[in-house]
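What follows draws every value from the coordinates through simple rules; no lab data is involved. Source: prediction; values computed, not measured. Cβ atoms come from the backbone with ideal geometry, glycine included; neighbour counts cover every protein chain shown.
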Amino acid sequence: MVIDVHSHPLLFDVINQNPEDLNFRKQEFGVFKSGINPIDFELTLLKDAQIDKVVLLPEDYSTQSGRPMVSNDEMVKIVEKSPEHFIGFASADPRNPDAKKELVRAFDELGLMGLKLNLSRLHMYPDDPALDPLYQVCEEKKKPIMFHAGYSWEPNTPAKYSEPVRFEDVAEKYPDLRFCLAHMGWPWWEETIMMLMKYPNVYADTSMVYMDSPKNWYAHLFSVNMNLNWLQNCFQDKVMFGSNNPRFRHVRSLEGIKNLPLRDDAMEAILGGNAVRFLGLEE
């Protein structure tokens, strides 16, 4: 099974019937030249790439922008179009007084599968007490968190809030809370490796920005910046395939990962096996 754990549905047609909605999302996410993405076309891309499931990530900064980029109810509309392919996450702005209540609703009533947080956009460090109620809900309900980590292309997102080592207190305080440091925490990939090695509840994904092509970028990061054997011998059970679609197409990112000369068991774990465990799909 191949699972892409990092994709953003903000351009899907089902939630962008009004041009004002599309323009709002493009400005918030920083994708100015992209147009509407029909869900049928997205499903064709997934089929052609032989990707079985994709995790869809909303974002809620409503105390800043007046509304979520993609609301939890909108996420349900998307997932309902193809529940066998789409895994919907929730989001809740921690500065909203009803954030905890909204997250509980998203899990218990809407059936969403995890929480997405970009703390660089929220200008909050991971150990901010305002985040504790959301962490507690996720730990109690065994729902994972996808944290943005490292560099972000979104507007107004200082990287200092998402440096991987800053998540260490969360890993210590909530040992039963599974969370992923997206984008390998680049450019702080060494800190990300430390977190993966030290904490059983911490994962990472491959949805990194790249300078030329995914093939060359992944080869350089995993074979030059680090030793490929580190990946397949030391933390093969902690890294998950992610594309960061629509910034980077699923198929190009997948080809970059498949080009790495990994053992079969390590490749299978990275492409889907680790995501099954992270998402709780084996339960």
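Within the listed set 147, 24, 41, the residue fluctuating most in the Gaussian network model of the chain (springs between alpha-carbon atoms under 10 angstrom) is 41.
Under 5 Å between amide hydrogens, built in the peptide plane, is the criterion, and for residue 70 it picks out 59 among residues at least 5 positions away or on other chains. Full extension of the segment from residue 52 to residue 230, taken as 0.36 nm per residue of separation minus the current Cα-Cα distance, would add 61.4 nm. Using the Cβ-Cβ distance between residue 172 and residue 268 with R0 set to 35 Å, the FRET efficiency from 1/(1 + (r/R0)^6) comes to roughly 0.70. Electrostatic tally near residue 46: other residues with Cβ closer than 10 Å to its Cβ, Lys and Arg +1, Asp and Glu -1, net -2. The trypsin sites (Lys or Arg not before Pro) of segment 1-62 that meet both conditions, a loop assignment by DSSP and at most 12 other Cβ atoms within 10 Å of the site Cβ, are 33.
Overall, the chain carries a charge dipole of about 480 debye about its Cα centre when +1 sits on the Cβ of Lys and Arg and -1 on the Cβ of Asp and Glu, all other atoms neutral. Judged by the mean number of other Cβ atoms found within 10 Å, the most tightly packed of the peptides 90-102, 183-195 leads the ranking 183-195, 90-102. In order along segment 169-176, the Karplus-derived 3J(HN,Hα) couplings, from 6.51 cos²θ - 1.76 cosθ + 1.60 at θ = phi - 60°, round to 4, 5, 4, 6, 6, 10, x, 9 Hz, and Gly and Pro are given as x.
This model, with +1 at the C-beta of Lys and Arg and -1 at the C-beta of Asp and Glu, gives segment 117-229 a dipole about its Cα centre of some 300 debye.
Note that segment 190-198 has calculated 3J(HN,Hα) couplings of 5, 5, 4, 4, 4, 5, 5, 6, 8 Hz, one per residue in order, obtained from phi through the Karplus relation 6.51 cos²θ - 1.76 cosθ + 1.60 (θ = phi - 60°); glycine and proline are x.
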